[in-house]
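Engineer: Got a structure for you, written out below as structure tokens; questions coming shortly.
The values are calculated or read from the model by the stated rules, or taken from the named source; none is laboratory data. The structure presented is a predicted model; accordingly, all values stated were derived computationally and were not measured. Positions of Cβ are backbone-derived with ideal geometry, glycine not excepted, and every protein chain shown enters the neighbour counts. Side chains are part of the model used for accessible areas, which takes the heavy atoms of the whole protein and leaves out ligands, DNA and RNA. Shrake-Rupley method; radii C 1.70, N 1.55, O 1.52, S 1.80 Å.
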Amino acid sequence: MSTKLGLWSTFASLSSQSAGDRVRVVGKIVKIEEGEAILESDNKQVKILKPNVANYSNTRFVEIFGELKDPTAEIPSIEEEKSISFGEKFNLGHFNKMVELSKGPFNSLFVSSSVESNAMETEG
């Protein structure tokens, strides 16, 4: 089965996107509760709905693939479809700068011509 997953977003850019958009974000785990988690990056937080908490153990940073549910809320929410541990040490500042560059005049360095401009495909 193929799932379309959006290109990376920074937490700051989520408010300019629409509910239902597929997004990919990376953040530091702040809190995990039953049925949701809170991630932080750029001094902003994002609520992760239905997290796969097995991917959140033994890590401080995680990448989330999912559907943006409420981009304009005080704490935007993403319903997780997939997650990947990014380990204990990860430079969110460098990552966010890379995301900004990937959406600007240097985007050809980050997306091959064989990938759709609005989504990447993964097998799942």
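Engineer: Going through region 17-35 one residue at a time, which ones are under 10 Å from the mean Cα position of the chain (by Cα) and either open to solvent by 40 Å² or more (accessible area, probe 1.4 Å) or not small (G, A, S) (or both)?
Structural biologist: Our first condition is that a residue be under 10 Å from the mean Cα position of the chain (by Cα); within region 17-35, this holds for 22-27.
Result: R22, V23, R24, V25, V26.
Engineer: Ok, one more. Any residue at all in region 83-91 that's surrounded by 14 or more Cβ atoms within 10 Å (Cβ to Cβ), in contact (Cβ under 8 Å) with a residue 40 or more places away in the chain and in contact with a Phe, Trp or Tyr (Cβ under 9 Å, 6 or more places away or on another chain)?
Structural biologist: yes
Engineer: For region 26-43, what are the residues that are within 19 Å of K89 (Cα to Cα), touching a Ser or Thr at 6+ places or on another chain (Cβ under 9 Å) and either modelled with pLDDT under 90 or charged (D, E, K, R) (or both)?
Structural biologist: Hits for region 26-43 are K28, S41, D42.
Engineer: If you check every pair at least six apart or on different chains, which have Cβ atoms under 8 Å apart with a residue in region 1-16 that is surrounded by 12 or more Cβ atoms within 10 Å (Cβ to Cβ) and of a type in the set (V, I, T) first and a residue that is assigned to a loop (DSSP other than H, G, I, E, B) and modelled with pLDDT under 65 second?
Structural biologist: Pairs that qualify, where the first residue is surrounded by 12 or more Cβ atoms within 10 Å (Cβ to Cβ) and of a type in the set (V, I, T) and the partner is assigned to a loop (DSSP other than H, G, I, E, B) and modelled with pLDDT under 65, are T3/G124.
Engineer: Additional query: Say whether the condition of being within 12 Å of the chain's Cα centre (by Cα), touching a residue at least 24 places away in the same chain (Cβ under 8 Å) and open to solvent by 30 Å² or more (accessible area, probe 1.4 Å) is met by at least one residue in region 102-113.
Structural biologist: no
Engineer: In contact with a helix residue (DSSP H, G or I) (Cβ under 7 Å, 6 or more places away or on another chain), part of a strand (DSSP E or B) and either more than 13 Å from T10 (Cα to Cα) or open to solvent by 50 Å² or more (accessible area, probe 1.4 Å) (or both): does that describe I38? Outline the logic, then answer.
Structural biologist: Details: in contact with a helix residue (DSSP H, G or I) (Cβ under 7 Å, 6 or more places away or on another chain): no; part of a strand (DSSP E or B): yes; either more than 13 Å from T10 (Cα to Cα) or open to solvent by 50 Å² or more (accessible area, probe 1.4 Å) (or both): yes.
Here the answer is no, as I38 does not meet what is asked.
Engineer: With the checklist (1) within 21 Å of S102 (Cα to Cα); (2) more than 11 Å from the chain's Cα centre (by Cα); (3) open to solvent by less than 40 Å² (accessible area, probe 1.4 Å) in hand, flag the one item P51 doesn't pass.
Structural biologist: Unmet for P51, out of (1) within 21 Å of S102 (Cα to Cα); (2) more than 11 Å from the chain's Cα centre (by Cα); (3) open to solvent by less than 40 Å² (accessible area, probe 1.4 Å): (1).
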